[in-house]
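Asks: The structure that follows is given in the form of C-alpha cells.
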Amino acid sequence: MNALPIIEVDGRRLYYTFVAGARNILANQAYLNKINVFPVNDGDTGSNMATTIQSVIDSIHPHKSYKITADLIAETAMTNARGNSGIIFAQFLYGISKEAGNLSSLNIPQFAESVKKSVPYMYEAVANPVEGTMLTVIREWSDFIYNHREIITDFNQLLIRSQEVAIKSLANTKSQLLALSRANVVDSGANAFVLFIDGIIDLIKTRSIRNLLHSKPAALILPSNNDHIPEEVKFRYCTEGILKNLSVDQKSLTKILQQHGDSIVIGGNEKNKHIHIHTSNPADMFQQLNDISLVTFHKADDMVRQSEAIFNRKWKIALVTDSTCDLPQELMDHYQVNMLPININFGESHYLDKITIQPAQFYSLLDSKNEFPKTSQINEKAFVNLYTQLSDTYDSIIAIHLTDKFSGTCFNSQKAAKTVSAEFNKPISVINSKNLSGALGLIVMRAAQAIEAGHSHDEIVAMAEQWVRDTQIYVSVRTLKYMVRGGRVSPFKGFIAKMMNVNPIVSMDEHGASFVFGKTYSQQSNMEKVMMHLRTENKGREIWNSIILHAHNPDAAAWYSSKMKEFTGKEPVAVVNISPVIGANAGIGTAAVALMFK
C-alpha cells in the first residue's frame, strides 16, 4: 500500500530530516577532507562541516513547532560553524528559520518560498561569491524546489526529485572552477550539501527514524587518485571569530576585514556575527574589531604548518608545543614546530595566546583593563584534531609542554596522544618539561635539533629527560601587583612586600613547581644575584644555550644579554617578549634568563 503524501512539515519532521542529512555528512567527512582544494587545499571541509552539524545533533531536541525547531537548528549551527562551508551552510539555515515566519508547520509552497528567499542570505555573507561552489549547488537545488512547489504535492517526492538536480549541479562544479578541474575533483563544500540531501532521501526511502538514530552509517572509501596539488599559502591563518553587539553594518565590517585578508564570510544577524577570513595578522585584525564589537570566540588554524605537513615536511617526526614556549617565530618556522595556543580571557573578550593577541597588545591591555586576564588550558579535542592531522603525514609525534603544575594542558595532550596513537598505530610521546617560557623553548629547540640530526623518536624522548633536568629559569619580578591581582599572592603579602620594597626571584624546582629562589630590594639587585648564582653554583658546567625574556622591559633584557654573553662567551639564542600567559602573573617589567647546560 502506498504511503499517504506528506503535505506539511512540522518541527519534528524538520528535525529528523536534518539529522538524517547531517549523519550522512558525518559518515563521509574524511572523503570531503580528501577532495578539499578550494579556496585553499587545506583538507578540512569535512571536519568543519562535521563540527558545524554535530553540535545540532548533540544539543537540541525536536519541538513540534517548525519555527522553534528551525530557530534552534540555525542558532546552534551558526554558533558552532567552522570554515567557509560551515558558515555558508549555517547562514542558509539561518535564512530558512528567518523566512519561516512564526508558523508551526509549513506546506510545500511556504517551504519553497522560505528556501528560495534563503539563498541571498548565503550570497550576502560571502565577500566575493564564487560560482562552482556550495553556493551554486544550493541555489540550483532551491530553484528546483521553488519551481515545482505547485507541481509536486508530496514533500517526499519533491525532495527525491530534487536529488538529481543537486547531483548534476555538483558534477558541473568541476568545470566551473580551474582549481577543481586541475585536481579532478568536485567542490568539497558542494559535495557536503549533496551528501546532506542523500541522507534525507535515505530516510524517506527507509522510513525508519529508529534506524536513523541508532545505526552507524558507513563511510565512503577514500579515492586514491585525488591527491592535493601544492600551492602557495597567501595568508597564514584560517581565522574565525564571533562578534557580539556589533556597532557597524555588514558593509563596513566587510571593508575592515578586506584590509586584513581574503576568503571572507560573514554569517549571523544584524548585531551578532560569525566571521571567517584568511589573514596573516589575526592579532591586528581583532584589535581593530574590538573597537566595534565584543569578540567572544577566536579560532586560528596555521595553514602554513598544514601545507608543510602535506607537501614540504623536513623530517619524519613532528614536534608539538604550546604557546608558553618562548622561541622566536623564525626558529619555530625553521624547525616546523606546531604550536597550540592557550586561551586568554579579559572579561568576556577572548584571545588566543600569541596568535590573536601579541605580547605588546597584551601588556597594554593588562594595565588598561579593570578585569584581570584568566587563562584556560588547551582542551583534549584540540590535541586530538592536531595529532590526527599530523598522523596522516608523519611517522611519529613528540610533544613538549609547560609544567603540569601550572596547567592541565600536558594532561590533555597525553590523553589525546593515547587515543590518536591507538587509532593510527603511530608513536606519540608527550613530555612534561617541568618548566615554561624560555626554558621550555630551549628544550623544544634541543629536540628540534635532534630531529634535524637524524636521531630516532625513542632516542629523543630518552635524551629529553636529561634536557629537562639540565634546564633552569630565573624570573626577576619587578612588582607583585600582578601576582596579587591574579590571586597567586595574597593582598596582605603583596602589601608587605610593597612596603618593604621586596622583589622576588622565582624559579622552578625538579618537580615543575615554582619557588622563590631569592629576594632583594630592587630588580637590578635581583638580576645581579642571579648572575652571581650562575657563576658560583654552576662553576665548571658548560652552558649549551640561553634565552633572555622580558615583559616590556628591554633595558633589563639588554643587561641580561650582555652579562650572559660575558659569562658564556656567546650571544643568547634569542631575546623574547615573554608569553602573555606567563606575563599575566609575572607582570609588566619582569625580566628572566633561561639556560640549558650541555
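The values are calculated or read from the model by the stated rules, or taken from the named source; none is laboratory data. Bear in mind that the values here come from a model prediction, so they are computed numbers and not experimental data. Cβ: placed from backbone, ideal geometry, glycine included. Neighbour counts: every protein chain shown.
Asks: With Thr403, Thr393, Thr388 as the choices, which residue is over 22 Å from Phe311 (Cα atoms) and either modelled with pLDDT under 95 or among the β-branched types (Val, Ile, Thr) (or both)?
Replies: Thr403
Asks: Of all residues being crowded, with 19+ Cβ neighbours inside 10 Å and among the small types (Gly, Ala, Ser) in the range 84-104, which is modelled with the lowest pLDDT? Just the residue, please.
Replies: Top of the filtered list is Ala100.
Residues are listed down the side, and each one gets a yes or a no for (1) in contact (Cβ under 8 Å) with a residue 60 or more places away in the chain; (2) surrounded by 19 or more Cβ atoms within 10 Å (Cβ to Cβ); (3) outside the structural domain of Pro39 (by TED's automatic domain parsing); (4) within 20 Å of Leu32 (Cβ to Cβ):
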{"residue": "Tyr146", "(1), (2), (3), (4)": "no, no, no, no"}
{"residue": "Thr153", "(1), (2), (3), (4)": "yes, no, no, no"}
{"residue": "Leu158", "(1), (2), (3), (4)": "no, yes, no, no"}
{"residue": "Lys168", "(1), (2), (3), (4)": "no, no, no, yes"}
{"residue": "Gln176", "(1), (2), (3), (4)": "no, no, no, yes"}
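Asks: Please note which helices (runs of 4 or more DSSP H) are completely contained in the range 230-311 and include at least 2 residues that are closer than 25 Å to Ser97 by Cβ and of a type outside the set (Gly, Ala, Ser).
Replies: 250-258
Asks: So in the range 529-547, with the set limited to residues that are among the polar types (S, T, N, Q) and surrounded by 11 or more Cβ atoms within 10 Å (Cβ to Cβ), which one is modelled with the lowest pLDDT?
Replies: The selected residue is Asn538.
Asks: To continue, here is another question. Within the range 82-195, which helices (runs of 4 or more DSSP H) (wholly inside it) include 2 or more residues that are touching a strand residue (DSSP E or B) at 6+ places or on another chain (Cβ under 6 Å) and closer than 27 Å to Glu270 by Cβ?
Replies: Fully inside the range 82-195 and qualifying: 83-98.
Asks: Still on this structure, I have one more. Restricting to the range 362-381, count the residues that are more than 17 Å from Gly589 (Cβ to Cβ) and surrounded by fewer than 23 Cβ atoms within 10 Å (Cβ to Cβ).
Replies: 10
Asks: Which of the residues that make up the range 431-463 are of a type in the set (Val, Ile, Thr) and assigned to a helix (DSSP H, G or I)?
Replies: The answer is Ile443, Val444, Ile451, Ile460, Val461.
Asks: List the pairs whose first member sits in the range 553-573 and is in the same structural domain as Lys529 (by TED's automatic domain parsing) and touching a residue at least 60 places away in the same chain (Cβ under 8 Å), whose second member is part of a loop (DSSP other than H, G, I, E, B) and of a type outside the set (A, V, I, L, M, F, W, C), and whose Cβ atoms are under 9 Å apart, counting only residues at least 6 apart or on separate chains?
Replies: From the range 553-573, the pairs are Asn553/Arg478; Asn553/Gly589; Asn553/Thr590; Ala556/Arg478; Ala556/Gly589; Ala556/Thr590; Val573/Pro328.
Asks: A follow-up question, please. Pairs only if they're at least six apart or on different chains, beta carbon under 9 angstrom, first in the range 27-43 and within 14 Å of Ser307 (Cα to Cα), second assigned to a loop (DSSP other than H, G, I, E, B) and hydroxyl-bearing (Ser, Thr, Tyr); list them, first residue then second.
Replies: Every condition considered, the pairs that remain are Phe38/Thr133; Pro39/Thr133.
Asks: Yes or no: Phe383 under 18 Å from Ser579 (Cα atoms) and not basic (Lys, Arg)?
Replies: No, not satisfied.
Asks: Within the range 418-429, can one find any residue that is in a loop (DSSP other than H, G, I, E, B), modelled with pLDDT of 90 or more and under 15 Å from Val461 (Cα atoms)?
Replies: The answer is yes, given that some residue of the range 418-429 is in a loop (DSSP other than H, G, I, E, B), modelled with pLDDT of 90 or more and under 15 Å from Val461 (Cα atoms).
Residue by residue, here is whether (1) farther than 23 Å from His334 by Cβ; (2) buried (at least 24 other Cβ atoms within 10 Å of the Cβ) holds:
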position: Phe383; (1), (2): yes, yes
position: Asp392; (1), (2): no, no
position: Thr403; (1), (2): yes, no
position: Asn412; (1), (2): yes, no
position: Lys415; (1), (2): yes, no
position: Asn425; (1), (2): yes, no
position: Met445; (1), (2): no, yes
position: Gly454; (1), (2): no, no
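Asks: Continuing with this model, one more query. Would you confirm, using the coordinates I've provided, whether Asp44 is modelled with pLDDT under 90, surrounded by fewer than 19 Cβ atoms within 10 Å (Cβ to Cβ) and of a type in the set (D, E, K, R)?
Replies: The answer is no for Asp44.
Asks: What residue, of Lys369, Lys415, is of a type in the set (D, E, K, R) and either in contact with a Lys or Arg (Cβ under 8 Å, 6 or more places away or on another chain) or farther than 30 Å from His455 by Cα (or both)?
Replies: Lys369
Asks: For Tyr387, indicate whether it is in contact (Cβ under 8 Å) with a residue 24 or more places away in the chain, of a type in the set (Phe, Trp, Tyr), in a strand (DSSP E or B) and within 20 Å of Tyr237 (Cα to Cα).
Replies: Considered against the rule, which asks whether it is in contact (Cβ under 8 Å) with a residue 24 or more places away in the chain, of a type in the set (Phe, Trp, Tyr), in a strand (DSSP E or B) and within 20 Å of Tyr237 (Cα to Cα), Tyr387 comes out as no.
Asks: So, in the range 24-70, of the ones that are in contact with a Pro (Cβ under 9 Å, 6 or more places away or on another chain) and not in a loop (DSSP other than H, G, I, E, B), which residue ends up nearest to Ser97 (Cα to Cα)?
Replies: Thr69
Asks: Still on this structure, please answer the following. Could you grab me the full set of residues in the range 76-113 that are on the phi > 0 side of the Ramachandran plot and over 28 Å from the mean Cα position of the chain (by Cα)?
Replies: Hit for the range 76-113 is Gly101, nothing else.
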